[in-house]
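Below is one structure; the comments refer to it alone.
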Amino acid sequence: MITEFDILNAGILIVDDQQPNVMLLEELLRGAGYTRVTSTRNPTEVCALHRKNIYDLILLDLQMPGMDGFQVIAGLKTNATDAYLPVLVITAQPGHKLSALQAGARDFISKPFDLVEVKTRIHNMLEVRLLYKKLEDYSRELEQTVLERTAELRESEARYRSLTELASDWYWEQDENGNFTKVSGPVLEMLGIQVAPLADDSRSVPLAGWDEDERKLLQTTIAARQPFLDFVFSRVNADGSKQTFRVSGEPMFNQSSRFIGYRGIGVEQSASL
């Protein structure tokens, strides 16, 4: 929430080449309780002053010698650090109002001044400006929190993988199409296991040596996106020896709850003739 204290302590810059106008606005604002009011009669200083002080509101006269208000607005728009242009233009020309809004100003004050209207427009614009800044601050904090949480999750994931690799013969990950995206552990090379999907419905011919019933059961489990723990499957090698393995896996989903694959661990349980 934006409080009245926040609004009265907002930074305000008055830009007008006419000293009487500057004095009138300063007296009006300070009389209303605003505490951070500054002014300049030199429009060429505005961009540098805003970069330095990041004003919450700039009261800008449009008709000034040397550099008019439209040129000042164009210069302010080059400040990439401030996406919200906090400019309230001051003009005696009704035709300039629309042009100023199209140029990027947020609102306008007409000359001669209606003091009640001036105070109301300033108050309302400051409230919007401060709400916008709070939203920006919240977005930055949220982004930082997400980055920190992502780093924590990546660290946790790295620890998980390290522990599972130590506790198993191999660690594996598959994408949503059943293709291996990560396999670690020398057991695959030692056993001569081909890096192919654990279960692949597209195969019309049983995998050589593997138990077809076990393979179909694993296919069903994976197709249902179910986790499996210590699933036992076996193969018969060319020399007649039999190898038995235990594999555990869990489905992976992204933040949108879309299935993106499986990950798990495996160990060789036994080998016999």
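Values quoted throughout were computed directly from the atomic coordinates according to the rules given, and no laboratory measurement underlies them. Source: prediction; values computed, not measured. Ideal geometry is used to build each Cβ from the backbone, glycine not excepted, and the neighbour counts take in all protein chains shown.
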Query raised in the report: Say each of LEU98 and ALA223 gets a label point 7 Å from the Cα, pointing the same way as Cα to Cβ; how far apart are those two points in nm?
Result: 6.7
Report task. Within segment 219-264, list the trypsin sites (Lys or Arg not before Pro) lying in a DSSP loop whose Cβ has at most 10 other Cβ atoms in a 10 Å radius. Result -> ARG258
